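Accompanying notes for the structure given below.
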Amino acid sequence: VQLQASGGGLVQAGGSLRLSCAASGRTFSPFAMAWFRQPPGKEREFVAAIRWSSGSTYYADSVKGRFTNSRDNAKNTFYLQIDSLKPEDTAVYYCALTFRLTYRYNQTAAYEYWGQGTQVTVSS
């Protein structure tokens, strides 16, 4: 499976972005897909996840109310809508996917496939 993340960029605080992650490479029916981010000089952290079949979503407390996770089953693509961006949202954003049943949505070890990352920079 290959994951291609896109949609990052430079944006002013208060602005919005929509990140996309397109998946290809095999019959597509994952268990869950997720977004993580890695701020400069820090470890990778969980942002949001979505269960493919049900559409149930999960968010880190720090992004609730500003980030929205969604997927398009027909396009094998999932999205992260980011609103009210803050300078502390600056990071490389990674998409990830798992075909295994898991409830550890916020842990990197739960995901076996990763995209290459897309840079989000928020200026104050």
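The values are calculated or read from the model by the stated rules, or taken from the named source; none is laboratory data. Source: prediction; values computed, not measured. In this analysis, Cβ positions are derived from the backbone assuming ideal geometry, glycine residues included, and neighbour counts consider all displayed protein chains. Surface accessibility is based on the protein's heavy atoms, side chains included, excluding ligands, DNA and RNA. Shrake-Rupley method; radii C 1.70, N 1.55, O 1.52, S 1.80 Å.
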Just to be sure before I move on: is Y79 among the hydroxyl-bearing types (S, T, Y), modelled with pLDDT of 95 or more and open to solvent by 20 Å² or more (accessible area, probe 1.4 Å) in the structure I sent?
yes
Collect the residues in the stretch 82-96 that are crowded, with 16+ Cβ neighbours inside 10 Å and either under 14 Å from P40 (Cβ atoms) or modelled with pLDDT under 95 (or both), keeping them in residue-number order.
D89, T90, A91, V92, Y93
Please work out if R104 is touching a strand residue (DSSP E or B) at 6+ places or on another chain (Cβ under 6 Å) and over 16 Å from R26 (Cα atoms).
no
How many residues of the stretch 64-115 are without any contact (Cβ under 8 Å) to a residue 60 or more places away in the chain, closer than 19 Å to G7 by Cα and part of a loop (DSSP other than H, G, I, E, B)? The answer is 3
Take the residues of the stretch 21-41 that are surrounded by fewer than 18 Cβ atoms within 10 Å (Cβ to Cβ) and under 13 Å from the mean Cα position of the chain (by Cα): which is nearest to L97 (Cα to Cα)?
A22
Mind checking whether some residue in the stretch 42-62 is open to solvent by less than 20 Å² (accessible area, probe 1.4 Å), more than 16 Å from A96 (Cα to Cα) and in a loop (DSSP other than H, G, I, E, B)?
no
Here the qualifying pairs (Cβ atoms under 8 Å; residues six or more apart or on different chains; first in the stretch 9-35 and assigned to a loop (DSSP other than H, G, I, E, B) and hydroxyl-bearing (S, T, Y); second open to solvent by less than 40 Å² (accessible area, probe 1.4 Å) and modelled with pLDDT of 95 or more) come out as S16/I82; S16/L85
